[in-house]
Amino acid sequence: MAEDAAAAAMAAASLSDDLEPATTRTRIRSILADGAARAGERVVVGGWVKTGREQGKGSFAFLELNDGSCVSNLQVLVDAAVHPLAPLTATGTSVLVEGELKKPPEGTKQRVELRVDRVIEVGEVDPAAYPLPKTKLTLENLRDVVHLRSRTNTIGAVARIRHQLACATHRFFDENGFLYVHTPIITTSDCEGAGEMFQVTTLFSHAEKVEKELKENPVPSESDIEAARLIVKEKGDVVAQLKAAKASKQEITAAVGELNKAKENVSRLEERFKLKPGVPHRDDGTVAYENDFFKRQAFLTVSGQLQVETYACALSSVYTFGPTFRAENSHTSRHLAEFWMVEPEIAFANLQDDMNCAEKYVQYLCKWLLEHCREDMEFMVKNYDKTAIERLELVSSTPFQRISYTKAVELLKNVTDKKFENKVEWGIDLASEHERYLTEVIFKKPVIVYNYPKEIKAFYMRLNDDQKTVAAMDVLVPKVGELVGGSQREERLDLLKTRIQDAGLPLEPYEWYLDLRRFGSVKHSGFGLGFERMILFATGLENIRDVIPFPRYPGRADL
């Protein structure tokens, strides 16, 4: 055993001899949090230069360094004797430096700075070509440099807020007994029934491949195939003659091998003869999806809800959190083609349970940000929305108002101090202006609207006894309007079948979904929270394209 341990130690030592030593780097956030208490400590710091300036007639330089751990910068002082200053001061330059933390002179705003005595690495920048100047760029302009925009204070703050909201999401559901389920991104079911889905297919790439192949190697003619068949006959006759002559086993085996090769050649020619350019179609003119990768139509998911229901109907409380897709040609500030959804599903739960869970979850997110993202939220207050923190405090501590859709329409119809662009009448899908008026003006707090007309809601929502409404609910919040949409699911088999057919959808793709009602059906409810909408609500930013790392919308899918 001692010999094994010694051998392992020797192997580890020889391996480390071949590798560069590990980097022990200190985060700027932790340095700034401790401030002057860390004066005298030696640290290695890495980051990107926000601004740099030479001082003392070029004898030293100040660098404002940021490593993404927080919105604030660490002031770094480098002497010319330590490293040439010109390559260090350009905005965007990356540096890895070592030195001693010092208390700066009295009267400066910094509580601690780094005096560098060793520059370990430098990633230089050509200032004339760098697309992120010191001057402030608009968020719209930053979308044209999506690969670099995370270096800006705003997008960095959004990234940290987004991260904390994701952490809070998993923490909340774990604390409340939910299991995290990864639902498929590729699906054969249309959850919303709207048909605005991205199709997943290999038919077009296969058609291009076939077309290229046919140009390089045209299909055989009928005479080519006939000639190949004639060779098969000749080879077959040879085998028959050898058997009749009682030839040796070796001779017969060789002849059979030649016959099989000839047969394979005919099969290949016949297969190529069937090749036609373009996407394959059936005799009735419809696309032959049986030739596609999945042997049927497939799409990018618009929601993981239907699939996660299968786990709720076995494991009680589950949730999924992942990307969803809508092929909706919309250019508004509230729409993306790819976005993230948080979708819990609860067995043995009615609409009231669903509303309780949604309210508790949204409040948890708000409290979490107030406790874990204060600096970034203060940055948003200073630069974008003075009421952002007040809004989080309001939502986190105030019980949500609950009203029926019918009551909401009645209240909106009686509004006299505002003219809505969209006419208010029973049966409409409430527009953002209606939702925001309810939560910002009438109630001045979050509102849950429930029992919507069945015609404007999805087929899976439970039909109420009035036969006109479904057990659906939307959570409305200031700034964004609808943040959460959910419902009690229709657990009655016959009614669910009727709802699917009334929506103009075929039953066949939903047979598995109907099985959940055939075998041990249970009342269950769930909702979806648009993750980017939650970030909009928290930050006060105006456009959803600025709160997702890589926005996809009509005409744009950069990187």
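The values are calculated or read from the model by the stated rules, or taken from the named source; none is laboratory data. Since the structure is predicted, the reported quantities are computational estimates derived from the model, not experimental observations. Every residue, glycine as well, gets a Cβ built from its backbone with ideal geometry; the counts of neighbours run over all protein chains shown. Note: areas computed on protein heavy atoms with side chains; ligands, DNA, RNA excluded. Shrake-Rupley method; radii C 1.70, N 1.55, O 1.52, S 1.80 Å.
Start at zero, step by 10 Å, and the Cα-Cα distances of the stretch 86-149 spread as 18, 32, 32, 17, 0 percent across the bins. In the stretch 28-123, a dipole from Cβ-located charges (positive for Lys and Arg, negative for Asp and Glu) runs towards its positive end, and of Phe62, Val122, Ala86 it is Phe62 whose Cα lies farthest in that direction. Given a 1.4 Å probe and every protein chain left where it sits, what share in percent of the accessible area of the chain is carbon and sulfur? About 52 percent, which is the carbon plus sulfur part of the accessible surface. Pairs from the table (Lys50/Lys444; Lys102/Lys382; Lys57/Lys109; Lys386/Lys418; Lys367/Lys418) lying more than 31 angstrom apart at Cα are Lys50/Lys444; Lys367/Lys418. Set Lys and Arg Cβ to +1 and Asp and Glu Cβ to -1, take the dipole of the chain about its Cα centre, and tell me which of Val232, Pro218, Val97 lies farthest positive. Of the options given, the answer is Val97.
Pulled fully out, how much extra length does the chain show between Thr108 and Asn141, if you take 0.36 nm times their separation in residues and subtract their Cα-Cα distance?
Value of the extension gain: 8.5 nm.
Here the stretch 410-454 is assigned +1 on the Cβ of each Lys and Arg and -1 on the Cβ of each Asp and Glu. Its dipole about the Cα centre then comes out at about 100 debye. In sequence order, the stretch 53-68 has phi-based couplings of 8, 7, 9, x, 6, x, 8, 7, 9, 9, 10, 8, 10, 9, 10, x Hz under the Karplus curve 6.51 cos²θ - 1.76 cosθ + 1.60, θ = phi - 60°, and Gly or Pro positions carry x. At full extension, Thr498 and Asp466 could sit 9.9 nm farther apart than now, given 0.36 nm per residue minus the alpha carbon distance. With both labels modelled 7 Å from their Cα along Cα-to-Cβ, the Val287 to Lys274 distance reads 2.1 nm.
Note on exposure: Ile456, Ile186 ranked by accessible area (1.4 Å probe, complete protein assembly) read Ile186, Ile456, with the most exposed listed first.
Proximity of backbone amide H atoms, modeled 1.01 Å from N, is registered between Asn73 and no other residue at under 5 Å, excluding neighbours fewer than 5 places apart on the same chain.
One chain, two ends: Glu264 and Lys233. Fully extended at 0.36 nm per residue, the span grows by 9.8 nm beyond their Cα-Cα distance. Spacing of the modelled spin labels on Lys295 and Gln250, each 7 Å from Cα toward Cβ, amounts to 4.6 nm.
Dipole magnitude for the chain: about 780 debye, using +1 per Lys or Arg Cβ and -1 per Asp or Glu Cβ, origin at the Cα centre.
For Asp385, no residue whose modelled amide H falls within less than 5 Å of its own remains once neighbours fewer than 5 places apart on the same chain are excluded.
Evaluate 2.2 N^0.38 Å with N set to the residue count of the stretch 28-123, then give the Cα radius of gyration divided by it.
0.97
Less than 5 angstrom separates the built amide H of Ser317 from those of Leu179, Ala347, all sequence-distant by 5 or more or on a different chain. For the peptides 510-520, 74-84, the ranking by packing is 74-84, 510-520, with the highest mean count of neighbouring Cβ atoms within 10 Å listed first. Coupling constants for the stretch 550-558 follow from the phi torsions by the Karplus curve (6.51 cos²θ - 1.76 cosθ + 1.60, θ = phi - 60°), and in residue order they are 10, x, 10, 8, x, x, 9, 8, 5 Hz; glycine and proline get x. A P(r) calculated from all alpha carbon pairs of the chain, with 10 Å bins opening at zero, reads 3, 13, 18, 17, 15, 14, 11, 6, 3, 1, 0, 0 percent.
Pairs of Lys residues in the stretch 202-291 that lie 8 or more places apart, or on two chains, and have C-alpha atoms under 16 angstrom apart add up to 12.
Take the Cβ atoms of Cys167 and Val522, set R0 to 22 Å, and the FRET efficiency comes out at 0.10.
Applying a DSSP loop filter and a limit of 10 other Cβ atoms within 10 Å to the GluC sites (Glu not before Pro) in the stretch 331-439 leaves Glu421, Glu425. Measuring from centroid to centroid over Cα atoms, what is the spacing of the stretch 410-462 and the stretch 165-243 in Å? For the stretch 410-462 versus the stretch 165-243, the Cα centre distance is 46 Å.
In a simple Cβ point-charge model (Lys, Arg +1; Asp, Glu -1; nothing else charged), the stretch 28-123 has a dipole of about 220 debye relative to its Cα centre. Here each label is just a point 7 Å from Cα along the line to Cβ, and for Arg374 and Glu121 those points are 3.4 nm apart.
Entry comment: accessible area of the chain is 52 Å² per residue, from protein heavy atoms only and a probe of 1.4 Å. Protection proxy ranking for 145-155, 444-454, 477-487, using the average of other Cβ atoms within 10 Å per residue and placing the highest first: 477-487, 444-454, 145-155.
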